[in-house]
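Asker: Below: one structure in structure tokens.
The values are calculated or read from the model by the stated rules, or taken from the named source; none is laboratory data. None of the values given here were measured: they were computed from a predicted structure. Counting neighbours? That spans all protein chains shown, and the Cβs are built from the backbone with ideal geometry, glycine included. Remember, those area values only see protein heavy atoms, side chains included, never the ligands or the DNA or RNA. Shrake-Rupley method; radii C 1.70, N 1.55, O 1.52, S 1.80 Å.
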Amino acid sequence: MLTTAYALLFYFATIVLVAGLAWRIYEYATVPAPLKIPTTPAPTTRRGVIFRMGREVVLFESLFKSNKWIWLFGWLFHVALAVVVLRHLRYFIEPVWSWVVFVQPFGVYAGFAMVVGLLGLWARRFLVPRVRYISAPSDHLMLALIVAIGLSGLAMKFVARTDIVAVKAFFLGLVRFDPQPLPADPALLVHLTLVALLMIIFPFSKLLHAPGVFFSPSRNQVDNPRERRHLAAWAARMDRQPGE
Amino acid sequence: MARITYRELSRPKGFFVGLMTLHAVVIAAGLAAFYYMEHNGHIVTGMTNQVVWGTPHVFAVFLVVAASGALNVASISSVFARLTYKPFARVSGLLAVALLIGGLAVLVLDLGRPERLTVAMTTYNFKSIFAWNIYLYTGFIVIVAAYLWTMMARTGGRYNKVAAYTAFAWRLILTTGTGSIFGFLVAREAYDTALLAPLFIAGSFAYGLAFTVLVLITMCRSLGEALMSEEAVQKFRNLLTIFVLAVVYFTAVLHLTKLYGTRNHGVEAFLLVNGGIYPVLFWGVQIVLGSVIPLLILNFTAFGRTRNGLSLASILVLIGGLAQMYVIIIGGQAWPLQLFPGMEVSSSFGDGAIAAYAPSLPETLLGFAGISIAMLITGLALMVLRFLPGEAVEAARAAS
Amino acid sequence: MADADTIDRPEATELPDPLEMPTLCPGAMAGSNPYPAKPDHNTALGFPGELVDDWHDRAIDKMGELLGKYRSFRVYLDSCVKCGACTDKCHYFLGSGDPKNMPVARQDLLRKVYRRHFTLAGKYFPKLVGAADLTEDVLDDWYSYFHQCSQCRRCSVFCPYGIDTAEISMAAREILDTVGKGQKYCNEILGKVHKIGNNLGLPEPALQATLEDLEEDIEDETGVPVKLPLNVEGADILLITPSADFFAEPHIDGLIGYAKVFHQAGVSWTLSSYASEAANFAMFIGSYDQMREVALRIRKAALDLGVKRIVVGECGHAWRVAYSFWNTLAGPFDFLDPNYPIPQHICEFTYDLIQKGQLTFDKSKNDHMTLTFHDSCNVSRASRMGDMPGGQFEIPRAIIKAVCNNYVDMAPDTIRESTFCCGGGGGLLTDEIMDIRKKGAQPRMRALRQVADENGVTHMAAICAICKTQFTKVMPEFGFDRESIVSVHQLVSNAIILDPPEDAGEPEEDDEDEVTVAVEAATESEEAVQAAADEK
Amino acid sequence: AAGATGARAGDVPVPEPAKGAGEACVADTAFMRRYHMQMLVHQRRDTVHEGIRTEQFSLKGCIECHQVKGEDGAAVKVSDSRHFCRSCHDYAAVSIDCFECHASVPEEAGKSAAAAEPENEAVAALGAYVHGKTTGEGAAK
Amino acid sequence: MSKCSPSCTCGAPDERPVDAARRSFLKTAATAGAVALAPGVTLYVVGGRAEARAPDQPVDPKKRWGMLVDVSKCTEDCSACVTACRTENGLGALDDPKIDAQWIRKVEVNDPATGYSRSLPVMCQHCAEPPCVDVCPTGASFKRDDGIVLVDKHICIGCRYCMMACPYKARSFVHEPLSDQKPYAPRGKGTVESCTLCVHKVDAGELPACVTACATEGNGALVFGDLNDPESDIAKRLKAYPTRQIRADLGVDPGVHYQGL
Ligand code: HEM
Ligand code: HEM
Ligand code: SF4
Ligand code: SF4
Ligand code: SF4
Ligand code: SF4
Ligand code: SF4
Ligand code: SF4
């Protein structure tokens, strides 16, 4: 019963996440950028742009330039999140890749770092009047949700443990459409419910910044308008009109 | 005087990039060495059950000692209000943190069980000076970081004085603590003296300053002479002279007091006269190469008044410092423990015998990696945060 | 919390900090509205004359259309995480404290409507995600606050996703135009460009007369017959420059500078009366079509005159349109000489000659000034000069340093890509909103105050017609002389040593003349600055 | 939690740790699956610092009951993936360093007494005396 | 979350489960235990067990285990204790005395003035004021309540500061990866170790291996016992004969005494 309920929940959440994201990304990719608007100084080569994007995504370069505190907590949170996610890979692959085995233990520290980062970010939503002004309830809820995911995860590690082997079997089972029994530990159930919720709202929330950053014209364009003519399809149509 | 602005080194040039790459390569080699040592155990190093602290400790202690001294320039400018040093205060603080991290990295990577670092950070024995040192080190990093913040942040100025004084006091305690690691080893004749603490403080001043000077002069190669005024060069020259003299003085006092007690004659003779490599390092490298020659260069040659002269002297001081650490740390262990004073002793475990020690390649690489870690951290920080006097950066930018 | 430079001298701390955070003052600027466009201004551009009845649906439709046409708009509306990094970056916010002038809040005025109509969350849980219906109040807010954005892109530099409020402002103004709520200043001017060829509505004969006057003035001053040719077919170079250069101070001194440089370079060049305007205000209202039309005039002029190169004069957003958009809008320019950048900035042109050693200067001619340089936002963050990223910062500075002895930069957080807008860009250079213009200029003025007081800076150079006009107006409000804003090519003009004509007259005398003039100007302006400083 | 043991799983990979000796583990199986690590850590503190050498949660005890016999009839070491601990740990991607120090197989029968262990009455008496203070006569019965 | 014991930080649930499984287990264990122990060992144990500490009791702080070495009985060419220690604790040998672990070693002492020479075993002296414990940053080196100085290898980080501090050079560092350790004497790469006074045997009511070996050899130079118990053999001998501790001047009060040195 429990197992079936969670199996269905996760099938649903996965469909929403994957389909929702795919649709968004399709949209971002197909809407044209008619003009060259990189924020300069910008790289003049494709490779330079990849490098710039890499620095943005990995180091949060612009944020660093902008505000050291937000950067500190924001970066801490994201890097920690990435490590936590890597640790979580062990629930979904068998045999586990050896580099995952290697990073897996760091995931626990990352779990703490993630929560600390989030609490720092949350604190500024209360403490800095400018940020308080721009925060909508959803901004708080998003942070609350991820904090709750983190805390329930840590609780599973440090307070009320769960049967990791069974959890993994459940998820491997899901992938093979043969769900295995899920342990009924409260912390696990809370964790999983919240994760499913996160997956479901992902394609409809500001979390779209994750794919969005790659499509941001001010960051992903090459600064070469004089050398190359850049023309969107709908604009090209105008070009032809007068002559024809 | 116009306002001092500070800039980051946003688009570094070939020389700087080359230098950073070099450090990255050394670090990579050091990490490979670490992996090799970790995988095979310390059997692949020169260390034994007799000489338990080897070359990595020489480098680590050297860097840690230098770290606290690197803060000198900042301290002099804020605590003693010397304006000539002001433009370099930030670099000095940065270097202090970087050198400390470099030293600690070597120390940690040389542990038998480096993966238990978290154990070391969560389980303490408060009777241990070593455990206190862990607090002293992390505290130092936090305090200097706060101090840097007060220098760099728009709103930090108010707390600058407090931070400066705290950092200044802390660094003295820190070096004393490092010295005490050895001072507490009562059974080892070479260490059993309270004079190690002042000696380490004097050493820290000299090495820290030498590092600061070298980094600044290296940055001059990237940024042009505008970085350091001629006045600053001369001030640094005088300061370095004084600090080197202080080290020589305390070294002399240390050995003279030791010689005063007859029971120490053996170890003193070992370190200063007949101990093979150790007297050579002591006299040849620490005293002549690392103290006398730099003093001569700095004070009696025209070359010594130039930037190149100053850098050469600094390099020699650093080499002398490493030799000094080697003699103290390894020489002190090579000399056997006296289980039965006055007796001749022998055993399968090296009792009564002078221990042989030869550094192996991996541990030496690890040691050098510590220096490179410090330098790479410094370099990267210069690139992303405002540590360098702005005028020089602007001048360099315009020149390019 | 961004870090800045330590201020070492205690008295220096008392100078206002250009980045000082204002206390939030909601609604402070709610009443700041530029004049609405008259019906015929709107209709001339193909927009409805006044607010249409079904404005709500039309606005939403337009928004939908833009979402399908502009990836920037689409992605930016989704991606903001409300991180707050941009909140303290807008000069209008720093000057006014009105929270709706924080870039993200400005975007949100539009984003809340986007959420309500185009996202699931906004449809079903509007309160939760801060979505709101498009009401008349919201439309009014749009009109006010999207006309308090100079589209300077400073916020975009600091946003982790590069979200560019300028793009949102442009879209918002386009929507406003489509529902008949256009702004007078921009729309009226655009009408003039379409009709006459320049923003000022200066017809060919007037232009011709002005240029001839200038030629005389130059010859009087220097004894050298420097020409300012108009509509010369077969010239090598077509100069496209903002029409302000034809009559206003200090712009006109810049134009003289260009002419002298061309003269010294020995190239043949011409202006065009058909395309006598570099500015392209269509960018401000976000209209691709309008922008394209204005740009096509230049293509036509170049083709008609049969030139080989196009050089653009000192103007910020004009250079953005020229550098970044011309090729797209009116390209390909395959009929021009591919050995030169198409188009080329006048600074690039001058800088090249300096590099090649073809110009000689008497730097002391500018000794009465200590200069600093105001990076114009559109040049800094939306275009480039030279072939290196960042050339737009180095080239003008290199020119200034080549012609002046005294140069000092302002605080690092206020120059280069972090430069502050003058406060008058983006179609806000109209007097009825002087209040917001002054507030927007405040950060720049404070940064200038620092170097004026501490480094003795007397003049600020700029390469943008809007900046120059704006500063001439607002500088007195901040205790500076209105003449302390200068053109970069004005400095070049002062220092350049012109070859005497073959049939040389008495250049020495003329030189002396100039020196006296310059010295007089110097004493004047120095006194003014001094007086202003004393007042403080 | 129904154990992952057993032959239920179709093609879903699920570890099947060999059944231990005896009927039950030192605690409930569900408990063991969740808490054995903490119990072991706890036990090791008690043993090393306090000298408490109870059998419950003794690592040596685990190894004795949970030995897995290889083809040659001898217990397999931890280097063999069939080793009891590894059967789960590989699956859960948890590497433990316990067996860098601890023997991963029980002492082979017959070799258990240290070679130096003598059959010497005097020594026996001494040992008994030292520990039990039963002065000599408490020796071997 | 309350702790399982006041000093514990393990974070384990409050009560450790004692259930049917455990009770049945304890029954089995009693028999299993008897079977597992070799016949010889059982022999010695039985007598003492009656009064010896139960396995679930912590060590008795009133005790202080110590050793007396009767140097006059220790012969120069004997090294039975050294061998016994190696075998008991599974100390392997790479045949490099500089890096091999040597928990106990024979030291030749020669008075240059007189030419008088002796050979005696030196191991960890189980000091009452152990410098190794003082300096250990993590508290891995510790002194058990009954005076035995041990390294908790689970928290030893291998910094080797204790080796620097020990005046007797009693400690060894494991320089290489090991395999085939004894189940009752785990040891492994990267940690420091020293004579444990055969704590596993002592806890089981037996004698340290070296003591047994010396007795078996017929020399009986080693006496083990509770220094705090005036009735014990060792205490009586300390009272009766002149003995000394090595480097008593350092004030660390070793638990190993030497007679006839
Ligand atoms: C390419 C991947 C990503 C990049 C480059 C990125 C970057 C950023 C940046 C720069 C910020 C603003 C700074 C801050 O407030 O922390 C941010 C905020 C945030 N990110 Fe990401 N992110 C990425 C992926 C994700 C993912 C996958 C999640 C979802 C779990 C996430 C969750 C968040 C949240 C919740 C915030 C808002 C923090 C707040 O409300 O204060 N990010 N992200
Ligand atoms: C379907 C997906 C997920 C599953 C099956 C899952 C399962 C688990 C389990 C079993 C643990 C306990 C680990 C232990 O006791 O060692 C855990 C911990 C944790 N989880 Fe998740 N989780 C999932 C998704 C997520 C996501 C998306 C996040 C972050 C946004 C997250 C954050 C954490 C954190 C921070 C911890 C504690 C630290 C750690 O053990 O790594 N989990 N999770
Ligand atoms: S583009 Fe410039 S004016 Fe507009 S919001 Fe951003 S910073 Fe402000
Ligand atoms: S910096 Fe960018 S993401 Fe952050 S609040 Fe501003 S617009 Fe949104
Ligand atoms: S076994 Fe006894 S006699 Fe032999 S060396 Fe050891 S202590 Fe001496
Ligand atoms: S002999 Fe050495 S190792 Fe043993 S307790 Fe004394 S100091 Fe510690
Ligand atoms: S090596 Fe181990 S026991 Fe020795 S001092 Fe370091 S941590 Fe303590
Ligand atoms: S008591 Fe045990 S460990 Fe210590 S020396 Fe004797 S045999 Fe070795």
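Asker: Past the 26 Å Cα-Cα mark, which pairs from C:LYS260/C:LYS363; C:LYS192/C:LYS401; D:LYS60/E:LYS189; A:LYS36/C:LYS227? Don't skip to the answer; put the middle values down first.
Answerer: Working: C:LYS260/C:LYS363 16 Å; C:LYS192/C:LYS401 38 Å; D:LYS60/E:LYS189 20 Å; A:LYS36/C:LYS227 36 Å.
Distance filter (> 26 Å) returns C:LYS192/C:LYS401; A:LYS36/C:LYS227.
Asker: Whose amide H sits under 5 Å from the amide H of C:PHE373, counting only residues 5 or more places off or on another chain, with H placed in the peptide plane?
Answerer: For C:PHE373, the qualifying residues are C:MET410, C:ALA461.
Asker: If you build a Gaussian network model of chain B, linking Cα atoms that sit under 10 Å apart, which residue out of B:MET375, B:MET121, B:MET325 swings the most?
Answerer: B:MET121
Asker: Explain nothing, just the number: relative contact order of the range A:2-219, from Cα pairs under 8 Å at least 6 residues apart, as a whole percent. Mind showing how you got there, number by number?
Answerer: On the way: 199 pairs, mean separation 65.9, N = 218.
Across the range A:2-219, relative contact order equals 30 percent.
Asker: Quick check: the angle from helix B:14-40's long axis to the longest principal axis of chain B, C-alpha only, nearest 10 degrees?
Answerer: Relative to chain B, helix B:14-40 is tipped by roughly 30 degrees.
Asker: Compute the angle between helix B:230-260 and the longest alpha-carbon principal axis of chain B, please, reported from 0 to 90 degrees and rounded to the nearest 10.
Answerer: Taking Cα atoms only, the helix is inclined about 10 degrees.
Asker: Now for a separate question. So for each of C:187-193, B:17-23 I average, over its residues, the number of other beta carbons within 10 Å; can you give me the resulting order with the highest mean first?
Answerer: Working: C:187-193: 23.0, B:17-23: 15.4.
Answer by packing, highest mean first, reads C:187-193, B:17-23.
Asker: Set the Förster radius R0 to 51 Å, insert the Cβ-Cβ distance between A:TRP75 and C:ASN405 as r into 1/(1 + (r/R0)^6), and round the FRET efficiency to 0.05. The partial results should precede the final answer.
Answerer: Details: r = 45 Å, r/R0 = 0.87.
Once the sixth-power term is evaluated, E becomes 0.70.
Asker: Under 28 Å between alpha carbons, and skipping anything fewer than 8 positions from A:LYS68 in its own chain: which lysines qualify?
Answerer: Filter leaves A:LYS206, B:LYS13, B:LYS86, B:LYS161, C:LYS82, C:LYS89, C:LYS100, C:LYS439.
Asker: Lys/Arg Cβ at +1, Asp/Glu Cβ at -1, dipole of chain A taken about the Cα centre: which of A:ALA7, A:LEU59, A:PHE158 is farthest positive-ward?
Answerer: A:LEU59
Asker: Turning to a different aspect of this structure: Could you please state how large a percent of the accessible area of chain C is carbon and sulfur, counting protein chains only and using a 1.4 Å probe?
Answerer: Carbon plus sulfur share of accessible area: 50 percent.
Asker: Residues of C:380-387, mean number of Cβ from any other protein chain within 10 Å of their own Cβ, rounded to a whole number? Kindly include the intermediate steps, with their values, before the conclusion.
Answerer: Values: counts 3, 7, 8, 8, 9, 0, 0, 3.
Counting other chains' Cβ atoms within 10 Å and averaging over C:380-387 gives 5.
Asker: Helix B:55-70 against the longest principal axis of chain B: what's the angle in degrees, Cα atoms only, rounded to the nearest 10?
Answerer: Between helix and principal axis, roughly 40 degrees.
Asker: How much accessible area does A:ILE15 have with a 1.4 Å probe, in Å² rounded to the nearest 10?
Answerer: 110
Asker: Now for a separate question. Please compute the net charge surrounding A:TYR11, taking Lys and Arg as +1 and Asp and Glu as -1 over other residues with Cβ under 15 Å from its Cβ.
Answerer: Numbers: positive: A:ARG176; negative: A:ASP178.
Net of charged neighbours comes to 0.
Asker: Which FRET efficiency value, to the nearest 0.05, is calculated for E:ARG237 and B:ALA356 with the Förster distance at 30 angstrom and r the Cβ-Cβ distance?
Answerer: Details: r = 40 Å, r/R0 = 1.35.
The computed FRET efficiency comes out at 0.15.
Asker: Sticking with this one: Accessible area of chain B with a 1.4 Å probe: how many percent of it is carbon plus sulfur? Write down the numbers at each step before the final one.
Answerer: Details: 10660 of 14650 Å².
Roughly 73 percent of what the probe reaches on chain B is carbon or sulfur.
Asker: Same structure, new question: Under a GNM of chain B (C-alpha, springs under 10 Å), which listed residue has the highest mean-square fluctuation: B:THR251, B:THR55, B:THR118?
Answerer: In this elastic network of chain B, the residue with the biggest mean-square fluctuation among B:THR251, B:THR55, B:THR118 is B:THR118.
Asker: Okay, next question. How many Å² of accessible area per residue for the range B:99-198, probe 1.4 Å? Please report the intermediate quantities before stating the final value.
Answerer: Details: 3900 Å² over 100 residues.
That works out to 39 Å² per residue.
Asker: Return one whole number: the accessible area per residue of the range A:2-219 in Å², for a 1.4 Å probe. Each step should come with its number before you reach the end.
Answerer: Details: 9370 Å² over 218 residues.
Solvent-accessible surface per residue comes out at 43 Å².
Asker: Could you check the spin-label model distance between C:VAL52 and A:PHE106? Points 7 Å from the Cα along Cα→Cβ, value in nm.
Answerer: For the pair C:VAL52/A:PHE106, the computed spacing is 5.7 nm.
Asker: I'd like the isolated cysteines in chain C, meaning no second cysteine's beta-carbon lies under 4.7 angstrom from theirs.
Answerer: That list is C:CYS25, C:CYS80, C:CYS83, C:CYS90, C:CYS149, C:CYS159, C:CYS186, C:CYS315, C:CYS347, C:CYS404.
Asker: With each pseudo-label sitting 7 Å past Cα toward Cβ, what's the B:PHE15-A:ALA5 distance in nm, one decimal?
Answerer: 7.1
Asker: Buried accessible area between E and B (1.4 Å probe, both chains summed, ligands and nucleic acids excluded), in Å² to the nearest 100? Don't jump to the answer; show the numbers that get you there.
Answerer: Working: alone 15110 and 18040 Å², together 28620 Å².
Chains E and B together bury roughly 4500 Å² of accessible area.
Asker: Under 5 Å between amide H atoms, partner at least 5 residues away or on a different chain: which partners does B:LEU388 have, H built in plane at 1.01 Å?
Answerer: Correct list: B:ARG7.
Asker: Can you sort B:TRP283, E:TRP65 by solvent-accessible area, 1.4 Å probe, largest first?
Answerer: On the way: B:TRP283 120, E:TRP65 10 Å².
Heavy-atom accessible area, descending, gives B:TRP283, E:TRP65.
Asker: Oh, and also: Suppose only helical runs count, i.e. DSSP H with n ≥ 4. What mean residue ellipticity at 222 nm does that imply for the protein assembly as shown under -39500 (n - 2.57) per run, divided by all residues and rounded to the nearest 500 deg cm²/dmol? Display every interim value, and only then the final one.
Answerer: Details: 63 runs with 806 residues, N = 1582.
Per the formula, -16000 deg cm²/dmol.
Asker: Please identify, among B:GLY367, B:GLY41, B:GLY390, the residue showing maximal mean-square fluctuation in a Gaussian network model of chain B using a 10 angstrom Cα cutoff.
Answerer: B:GLY41
Asker: Report in % the part of the accessible area of the range A:2-219 that belongs to carbon and sulfur, leaving out ligands and nucleic acids; probe 1.4 Å. Don't skip to the answer; put the middle values down first.
Answerer: Working: 7510 of 9370 Å².
Answer for the range A:2-219 is 80 percent, counting heavy atoms of protein chains only.
Asker: Identify the residues of the range B:310-346 with backbone N under 19 Å of a label point that sits 7 angstrom from the Cα of E:ARG244 along the Cα-to-Cβ direction, or state none.
Answerer: Label zone hits: B:337-346.
Asker: Using +1 at the Cβ of each Lys and Arg and -1 at the Cβ of each Asp and Glu in the range A:2-219, identify which of A:PRO181, A:VAL83, A:PRO43 lies farthest towards the dipole's positive end.
Answerer: Value computed over the given set: A:PRO43.
Asker: Got a sec? Which residues of the range E:192-224 lose 40 Å² or more of accessible surface with every protein chain in place, vs. that chain alone, 1.4 Å probe?
Answerer: With the partner chains in place, the range E:192-224 has these residues losing at least 40 Å²: E:LEU207, E:THR212, E:THR216.
Asker: Excluding ligands, DNA and RNA, what is the accessible area buried between chains A and C, summed over both sides, using a 1.4 Å probe, to the nearest 100 Å²? Walk me through the numbers on the way to the answer.
Answerer: Numbers: alone 15130 and 21570 Å², together 30890 Å².
Chains A and C together bury roughly 5800 Å² of accessible area.
Asker: Quick one: how many Å² of C:CYS377 are accessible to a 1.4 Å probe, rounded to 10?
Answerer: Number for this one is 10 Å².
Asker: Need one value for E:164-177: mean number of C-beta atoms belonging to other chains within 10 Å of its residues' C-beta atoms. Mind showing how you got there, number by number?
Answerer: On the way: counts 14, 8, 3, 7, 4, 10, 1, 2, 4, 7, 7, 10, 5, 5.
Mean inter-chain Cβ contacts per residue within 10 Å come to 6.
Asker: To continue, here is another question. Which of the helices in chain A, when you take each full DSSP H run, stretch at least 15 Å along the axis at their Cα atoms and have an average Kyte-Doolittle score of -0.5 or higher?
Answerer: On the way: long enough: A:2-30 (41 Å, 1.22); A:46-59 (19 Å, 0.24); A:68-88 (29 Å, 1.32); A:106-127 (31 Å, 1.40); A:137-158 (31 Å, 1.35); A:164-175 (17 Å, 2.47); A:186-201 (23 Å, 2.51); A:233-243 (17 Å, -1.05).
Counting only whole DSSP H runs, the qualifying helices are A:2-30, A:46-59, A:68-88, A:106-127, A:137-158, A:164-175, A:186-201.
Asker: Within the range C:328-364, name every residue whose backbone N is under 19 Å away from a label modeled 7 Å from Cα of C:LEU303 along the Cβ vector.
Answerer: C:328-338, C:342-343
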